[in-house]
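Worksheet: one structure, shown below.
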Amino acid sequence: MLVESAIPDALLSAFGGLVSAELPVRATPDVLRGLLAWLGQVGDGRQERGRLYPVPAVLALAAGAVAAGMRSFAGIASWVSDVPPSWCQELYRQLGAVEPAQGPPSGSTIWRVVTGADAGAVDRAVGNWLLEEAARESRCGPAGDGPGLTAWAADGKALRGAKDQDGKAVRLLAFMEHDRQLVLGQVQMSRKSNEIPAFYELLDQLGAQVKGVVFTADALHTQRRHARVLHGLGADFVFQVKGNQPRLFAALDALDWGAVPVGHEETVRGHGRSVRRTMQHLPAPDGLPFPHVSQVFLCERYVSDLDGKLVSAVAVLGVTSASAERAGAAELARLCSGQWQLEVLHFLRDTLYAEDASRVRTASGPRVMAALRNLAIGAHRLAGRTAITEATRWAGRAMHRPFDLLGLPHGS
């Protein structure tokens with residue numbers, strides 16, 4: 001019999017409030033809304049003397065540059081230098097600057113703000129703004145609305161070229177909404193830890209907003225404690241099962257899958273290949289060594305070239321707390337496929353924004369830059385532009401477009 005330690009009550013009670021309640025907006029002369037209001041939560045890491053440029057304004061300008069396709073500090077500084085001074089002054093005025101600076105911040109100012117900002121606060125601001133915009137545009141409604149369940153994928157990413165101030169590798173864990181690939185939360189893993197404690201940190205950060213969400217994750221997160229915490233928060237899970245849970249894997253592998261009919265099958269052709277996916281599922285058998293499981297499943301994926309030659313075949317066993325009424329075979333297939341979309345997002349950040357080539361060596365810089373890339377990609381997707389490379393070209397052809405995309409004030 002497996003023995004598990006109980007989850008402390010404090011852990012579950014910590015998830016009781018909304019993020020917006022935990023992050024009061026700073027008092028300013030104007031009532032701020034949107035991105036500027038959320039960026040107003042970010043502290044200033046610079047010295048007290050000589051602060052002419054408000055942190056939210058500098059971060060917003062940097063975000064506009066990234067939305068226009070800028071991938072480095074030099075590129076961001078170059079783009080920001082072309083912003084009309086009157087537009088910058090309006091930003092500063094709305095943020096309560098008594099004597100607004102006369103023009104755009106310099107490259108050194110942008111560097112100091114981005115590398116000195118509270119990276120956690122920046123991530124929270126980005127996630128909150130994306131959630132707010134998604135809800136406002138009815139693109140990401142309450143759990144259970146629309147054609148499928150609201151699902152968030154959890155996965156980690158190493159920033160291969162970046163290091164912290166001590167020269168250690170930077171590793172991030174993110175929660176991404178499946179349908180629009182919106183990164184709603186991101187935390188940096190401790191150098192002596194891994195994704196598992198970071199998972200709880202992200203749940204704590206997002207609070208009551210996780211209720212009703214279906215979480216998908218790879219086999220690393222197939223943890224009994226994960227299942228119990230998510231169940232306690234009113235969320236569901238879809239977890240892959242591999243060798244890190246040997247008893248669970250053996251129990252699923254021993255099932256007579258050959259006698260289980262295929263509940264859903266689909267074939268997709270594109271990018272020079274054909275992908276066929278099948279989904280089989282069963283009610284959870286008695287005595288399964290994992291809590292809160294309602295169904296078990298086998299998802300198979302066959303990739304062939306356009307001549308029909310098999311390139312790869314993958315079979316994935318899994319468990320879910322979602323009932324068959326809530327998640328049938330087609331929905332389970334969609335949820336499994338959605339988990340892989342995080343890898344697509346990581347690929348986009350590495351190719352379009354050359355994230356792995358970045359050599360930033362500061363405490364906050366790598367994570368803040370990753371947050372700005374998440375913000376830019378999410379903003380484009382919320383605007384209906386799913387071809388992100390072309391979207392950044394579109395945004396870069398006119399100065400007002402990144403401002404409009406992010407809801408920032410500017411001149412006519």
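The values are calculated or read from the model by the stated rules, or taken from the named source; none is laboratory data. Bear in mind the structure is a predicted one, so any value in this text is a computation, not a measurement. Cβ: placed from backbone, ideal geometry, glycine included. Neighbour counts: every protein chain shown. The accessibility values were calculated without ligands, DNA or RNA, using every heavy atom of the protein model including side chains. Shrake-Rupley method; radii C 1.70, N 1.55, O 1.52, S 1.80 Å.
To check my understanding: the extent here is largest minus smallest coordinate of the Cα atoms along each principal axis. What are those three numbers for the chain, in Å, largest first?
Extents along the principal axes, in whole Å: 74, 56, 42.
With Cβ to Cβ distances under 12 Å as the rule, what net charge do the other residues near Met279 carry (K, R +1; D, E -1)?
0
Based solely on its DSSP helices, what 222 nm [θ] is calculated for the chain when runs of n ≥ 4 H residues each add -39,500 (n - 2.57) and the sum is averaged over all residues, nearest 500 deg cm²/dmol?
It lands at -11500 deg cm²/dmol.
Taking the Cβ-Cβ separation of Phe347 and Ala250 as r and a Förster radius of 30 Å, what is the calculated FRET efficiency to the nearest 0.05?
Step by step, r from the Cβ atoms, then E = 0.35.
Run the quick spin-label model on Arg191 and Ala398: label points 7 Å from Cα toward the beta carbon, then report their separation in nm to one decimal.
The modelled label-to-label distance comes out at 4.8 nm.
Which net charge results for the neighbourhood of Ala217, defined as the other residues with beta-carbon distances under 11 angstrom from its beta-carbon, given Lys and Arg at +1 and Asp and Glu at -1?
Residues close to Ala217 contribute a combined charge of -3.
Return the carbon/sulfur percentage of the accessible area of the range 293-412, one whole number, probe 1.4 Å, all protein chains in place.
53
Given the alpha-carbon gyration tensor of the range 259-403, what are the semi-axes of its equivalent ellipsoid in whole angstrom, ordered largest first, with each equal to the square root of 5 times an eigenvalue?
Computed over the range 259-403, the values are 37, 21, 16 Å.
For His292 and Ser72, compute 0.36 nm times the residue count separating them, minus their Cα-Cα distance, and round to one decimal in nm.
That pair, His292 and Ser72, stretches by 74.6 nm at full extension.
Based on alpha-carbon positions alone, could you give the equivalent ellipsoid semi-axes of the range 178-253 from the gyration tensor, as √(5λ), descending, whole Å?
Taking √(5λ) for each eigenvalue gives 22, 16, 12 Å, largest first.
I need two numbers for the range 291-352: Rg to one decimal and Dmax as a whole number, Cα atoms only, in Å.
Answer for the range 291-352, Rg first and Dmax second: 14.9, 44 Å.
With +1 on each Lys and Arg Cβ and -1 on each Asp and Glu Cβ, and nothing else charged, work out how big the dipole of the chain is about its Cα centre, in Debye to the nearest 20.
Roughly 1060 debye, rounded to the nearest 20.
Taking the Cα-to-Cβ direction at Glu266 and at Arg326 and moving 7 Å from each Cα, how far apart do the two end points lie in nm?
The answer from the label model is 2.1 nm.
Once the other residues with Cβ under 15 Å from the Cβ of Trp394 are scored (Lys, Arg +1; Asp, Glu -1), what is the net sum?
+3
Out of Ser193, Ala217, Thr320, whose Cα points farthest toward the positive end of the dipole of the range 193-325 (charges: +1 Lys, Arg; -1 Asp, Glu; placed on Cβ)?
Ser193
If Arg33, Arg334, Arg71, Arg277 are ordered by their accessible area, calculated over protein heavy atoms with a 1.4 Å probe, which sequence runs from highest to lowest?
Ranked from most to least accessible, the order is Arg33, Arg71, Arg334, Arg277.
Would you please state which residues of the range 262-280 a label at Asp307 would reach in this model, taking the label point 7 Å out along Cα→Cβ and a backbone N cut-off of under 17 Å?
What the label zone holds, given the 17 Å backbone N cut-off, is 272-274.
In debye, nearest 20, what is the charge dipole magnitude of the range 344-412 about its Cα centre with +1 on Lys and Arg Cβ and -1 on Asp and Glu Cβ, if you could check?
80
Tell me the volume per residue, in Å³, of the convex hull enclosing the alpha carbons of the range 66-122.
Residue-normalised Cα hull volume stands at 105 Å³.
With the chain treated as a Gaussian network of Cα nodes joined by springs under 10 Å, which of Ala391, Ala333, Ala74 yields the largest mean-square fluctuation?
In the Gaussian network model the winner is Ala74.
Can you tell which of Phe297, Pro285, Cys336 lies farthest toward the positive end of the dipole of the range 237-376, using +1 and -1 charges on the Cβ of basic and acidic side chains (Lys, Arg; Asp, Glu)?
The one lying farthest along the dipole's positive direction is Cys336.
Rounded to the nearest Å, what's the spacing between the alpha carbon centres of the range 169-218 and the range 359-395? Just the number, please.
For the range 169-218 versus the range 359-395, the Cα centre distance is 18 Å.
With every protein chain left in place and a probe of 1.4 Å, what is the accessible surface of Lys211, to the nearest 10 Å²?
The value for Lys211 is about 150 Å².
For His231 and Ser108 in one chain, what is 0.36 nm times their gap in residues minus the Cα-Cα distance, to one decimal in nm?
Difference between extended and current length: 39.5 nm.
Quick check on the range 235-299: what are the equivalent-ellipsoid semi-axes from the Cα gyration tensor, as sqrt(5λ), descending, whole Å?
26, 14, 12
In Å², what does the accessible area per residue of the chain work out to with a 1.4 Å probe?
44
Using a 10 Å cut-off on Cβ atoms, rank the peptides 345-358, 122-135 from the highest mean neighbour count down.
122-135, 345-358
If you build a Gaussian network model of the chain, linking Cα atoms that sit under 10 Å apart, which residue out of Pro56, Pro261, Pro283 swings the most?
Pro261
Place a label point 7 angstrom from the Cα of Arg224 along the Cα-to-Cβ direction, then list the residues of the range 310-338 whose backbone nitrogen is under 20 Å away.
Of the residues in the range 310-338, 318-322 have backbone N under 20 Å from the label point off Arg224.
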